[in-house]
Structure formats: structure tokens, C-alpha cells
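The following block contains the structure, expressed as C-alpha cells.
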Ligand SMILES: NC(=O)c1ccc[n+]([C@@H]2O[C@H](COP(=O)([O-])OP(=O)(O)OC[C@H]3O[C@@H](n4cnc5c(N)ncnc54)[C@H](O)[C@@H]3O)[C@@H](O)[C@H]2O)c1
């Protein structure tokens, strides 16, 4: 029997992209999945898709920076099996709009970028913690980025803070039996990236990889399933880079 049977996973930013792919994979393994997204309709539609495939899922609307709403969401999620076993802090701003130089973006956008990408991780972790404490095999996986390791952008700086928070929360929550790890994806061809990324940029970024080819959603799903599983029971405070080698050694 899969280790995910009878367990609950909360995935933020679950309405599309990686979040939806994580939800599908975890539900396919038998977990009850709660998809949280600022786009409530997207979260519900993704959950309906999972249910149509025979999985157990609910979609909930909410902004990861909204402390009161995240407390409600985590309490609701915990009802299915008496607690939360996995939190995936995946929601993040990374569209072209938030990938500009700071001088161009202006402070309001930088503030929102850090609020969602960094404070959102802390907010959801604090909200989920009471429901995860003491659960056997409980863990948190944060989604950072290869940009965190390469420097030179506000987006990368926000994701560097995610890698930092991963270590800090691993230190603070280890006593409660909760492992905390992160994944730094490289360029992965999610729907958003396929739509927005110019071919020339894709070619320039892929030229930095050590191995050729497209990074895919499935590559990140596999990393998540490992880090959240019993196989990684002795792994905490780590950031796993899945970048085709782009961020190796930097
Ligand atoms: N796709 C890539 O190549 C790539 C690479 C490195 C890191 N990442 C990171 O992976 C994560 C997911 O990426 P994706 O490509 O699936 O993104 P995406 O833009 O396709 O999906 C992000 C989801 O998060 C939701 N969201 C945004 N702000 C939110 C908020 N405040 N509260 C709740 N939900 C919110 C969006 O509505 C959306 O459904 C992000 O954190 C991103 O920075 C992606």
C-alpha cells in the first residue's frame, strides 16, 4: 500500500503548473489533496480534474500572505484525516512582470514579490504547523528556484530567502518531527513558461545547462515525491537543485 493512503497534503498555488501536477501525483498515490490558490476557480477546477481521475481533492481560494485565511484553510484541510502530513509551499510570482530589474519594476512590485514568495512561505508554515506537529513522517517542501543560486535579480533574491527559510524552519520544526526541504527548479516548461518565454531566452538559458533538453513538470514532481517520502526520512534543511546542471556549483 502507498505511504500516502490516509494522509493529507496541502499544495499552495495548486490551481495550475507545478502545484496542479503535485496535486495530481499525490492524489494518484492515495493522498487527500487540498489545493490552495488565489485563483479560487482554478483551484476548484484542478481539484475537480483530480476527482474525475478517482482521486480525493478539494480546492480552496486564498492568498498565501493572508494570515487569517491561511489559518482557516489549514484547519479545514486538517479535518479530512485529523491533521496535515505534507505542506508544499509552491505559490510564487515569477511571471515576466516580476522578473524585471528593480529599477524598472519599482518598489510596489518588489514588495509584493517578497510578500508572496517569502512571507507567503512563512505564513503558510506557521498556519500549518499546529496541524503537522507530531505526525509521523510530516514534512514541508518549499519551491525555490535556480535563480536563487545565480544572483542578479529581485526574483532570485526572493527565492534565496526561501532557501534560507528552509534551513531556519528545519532547525525550528525538527523537534516536532517535521522535516523541511526545498527544490530549486531550473527552466521547466510549465504552461506559463511555454506561453511567456521567448524562444531566444529559452535557448540562452538552456545553453547554461550541463545536459541538453527540456526540463519538465514531471522532473519536479519526482523530486517532490522523493523529498516528501519515507526514503528521505534523514534529509532536512536541504535544497535539491533540479536544473539540468545549470546551477551546479554556483
Ligand atoms: N516553471 C519554472 O520554470 C519555475 C522555475 C523555478 C521556480 N519556479 C517556481 O515554482 C512555483 C510554481 O511555478 P509555476 O511555473 O507552476 O507557476 P504558475 O504561475 O504557473 O502557477 C503559480 C500558481 O500560484 C498562484 N498564486 C500566485 N500568487 C498567489 C498567492 N498570493 N496566493 C496563492 N496562490 C498564488 C497562481 O494563481 C498560480 O495558480 C513558483 O514558486 C515559481 O517561482 C518555477
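The values are calculated or read from the model by the stated rules, or taken from the named source; none is laboratory data. Quick caveat, the model's predicted, so the values are computed rather than measured. We place every Cβ from the backbone using ideal geometry, glycine too, and count neighbours over all the protein chains shown.
Which of the helices (runs of 4 or more DSSP H) found entirely inside the stretch 87-147 contain at least 3 residues meeting this: surrounded by 15 or more Cβ atoms within 10 Å (Cβ to Cβ)? Can you show your working first?
Details: elements: 102-105, 107-114, 120-132.
By residue number, 107-114, 120-132.
Same structure, new question: Going by the structure shown, is residue 163 surrounded by 15 or more Cβ atoms within 10 Å (Cβ to Cβ), closer than 15 Å to residue 90 by Cβ and in contact with a strand residue (DSSP E or B) (Cβ under 7 Å, 6 or more places away or on another chain)?
Values: surrounded by 15 or more Cβ atoms within 10 Å (Cβ to Cβ): yes; closer than 15 Å to residue 90 by Cβ: yes; in contact with a strand residue (DSSP E or B) (Cβ under 7 Å, 6 or more places away or on another chain): yes.
It is true that residue 163 is surrounded by 15 or more Cβ atoms within 10 Å (Cβ to Cβ), closer than 15 Å to residue 90 by Cβ and in contact with a strand residue (DSSP E or B) (Cβ under 7 Å, 6 or more places away or on another chain).
Just one of 247, 212 is crowded, with 19+ Cβ neighbours inside 10 Å and not in a helix (DSSP H, G or I); which is it?
After applying the criteria, what remains is 247.
Quick one: would you say residue 43 is outside any helix (DSSP H, G or I) and crowded, with 16+ Cβ neighbours inside 10 Å?
Values: outside any helix (DSSP H, G or I): no; crowded, with 16+ Cβ neighbours inside 10 Å: yes.
When the stated conditions are applied, residue 43 does not pass them.
State the number of residues belonging to the stretch 97-124 that are within 14 Å of the ligand (Cβ to nearest atom) and either in contact with a strand residue (DSSP E or B) (Cβ under 6 Å, 6 or more places away or on another chain) or touching a residue at least 40 places away in the same chain (Cβ under 8 Å) (or both). Lay out the reasoning, then the answer.
Applying the first criterion (within 14 Å of the ligand (Cβ to nearest atom)) to the stretch 97-124 yields 97-99, 109, 111-124.
Pick out the ones that are also either in contact with a strand residue (DSSP E or B) (Cβ under 6 Å, 6 or more places away or on another chain) or touching a residue at least 40 places away in the same chain (Cβ under 8 Å) (or both) and you get 98-99, 113-124.
Matching residues across the stretch 97-124 total 14.
Go through the stretch 1-18 and give me each residue that's within 16 Å of the ligand (Cβ to nearest atom) and part of a strand (DSSP E or B).
Residues of the stretch 1-18 that are within 16 Å of the ligand (Cβ to nearest atom), as a first pass: 9-18.
The answer is 9, 10, 11, 12.
Is it the case that the stretch 174-192 has a residue that's away from the ligand (no atom under 14 Å from the Cβ), without any contact (Cβ under 8 Å) to a residue 24 or more places away in the chain, surrounded by fewer than 16 Cβ atoms within 10 Å (Cβ to Cβ) and under 21 Å from residue 117 (Cα atoms)?
To start, the set of residues in the stretch 174-192 that are away from the ligand (no atom under 14 Å from the Cβ) comprises 174-181.
Filter once more, so that each one left must be without any contact (Cβ under 8 Å) to a residue 24 or more places away in the chain: 175.
Okay, now just the ones that are also surrounded by fewer than 16 Cβ atoms within 10 Å (Cβ to Cβ), so 175.
Next, from what is left, pick out any that are under 21 Å from residue 117 (Cα atoms): none.
Taking every residue of the stretch 174-192 in turn, none turns out to be away from the ligand (no atom under 14 Å from the Cβ), without any contact (Cβ under 8 Å) to a residue 24 or more places away in the chain, surrounded by fewer than 16 Cβ atoms within 10 Å (Cβ to Cβ) and under 21 Å from residue 117 (Cα atoms).
Take residue 80 and decide whether it is assigned to a helix (DSSP H, G or I) and either more than 14 Å from residue 128 (Cβ to Cβ) or modelled with pLDDT under 95 (or both). Quick ask: steps written out before the conclusion?
On the way: assigned to a helix (DSSP H, G or I): no; either more than 14 Å from residue 128 (Cβ to Cβ) or modelled with pLDDT under 95 (or both): yes.
Answer is no for this residue.
Being near the ligand (Cβ under 10 Å from one of its atoms) and either buried (at least 24 other Cβ atoms within 10 Å of the Cβ) or more than 27 Å from residue 187 (Cβ to Cβ) (or both) is the filter here, so list the residues in the stretch 19-40 that pass it.
We begin by selecting, within the stretch 19-40, every residue near the ligand (Cβ under 10 Å from one of its atoms); these are 19-22, 35-40.
Within the stretch 19-40, 19, 20, 22, 35, 36, 37, 40 qualify.
Does residue 85 satisfy the condition of being more than 9 Å from the ligand (Cβ to nearest atom), closer than 24 Å to residue 162 by Cβ and modelled with pLDDT under 95?
Working: more than 9 Å from the ligand (Cβ to nearest atom): yes; closer than 24 Å to residue 162 by Cβ: yes; modelled with pLDDT under 95: no.
Criteria not met by residue 85.
Something else now. Does the stretch 19-37 include one or more residues that are closer than 30 Å to residue 197 by Cα and in a loop (DSSP other than H, G, I, E, B)?
No.
Quick check on this structure: which one of 146, 153 is under 16 Å from the mean Cα position of the chain (by Cα) and farther than 28 Å from residue 4 by Cα?
The unique qualifying residue is 146.
Check the stretch 162-170 and report whether any residue there is within 16 Å of residue 243 (Cβ to Cβ) and more than 13 Å from the ligand (Cβ to nearest atom). It would help to see each step written out before you state the result.
From the stretch 162-170, those within 16 Å of residue 243 (Cβ to Cβ) are 162-163; that's our starting set.
Pick out the ones that are also more than 13 Å from the ligand (Cβ to nearest atom) and you get none.
Scanning the stretch 162-170 turns up no residue that is within 16 Å of residue 243 (Cβ to Cβ) and more than 13 Å from the ligand (Cβ to nearest atom).
From the set of residues in the stretch 54-82 that are out of contact with any helix residue (DSSP H, G or I) (no Cβ under 7 Å at 6 or more places or on another chain) and free of Cβ contacts under 8 Å to residues at least 40 places away in the same chain, which is nearest to the ligand (Cβ to nearest atom)?
Only one residue tops the list, namely 69.
Does residue 203 fit the bill of being farther than 26 Å from residue 62 by Cα and part of a loop (DSSP other than H, G, I, E, B)?
Details: farther than 26 Å from residue 62 by Cα: yes; part of a loop (DSSP other than H, G, I, E, B): no.
Criteria not met by residue 203.
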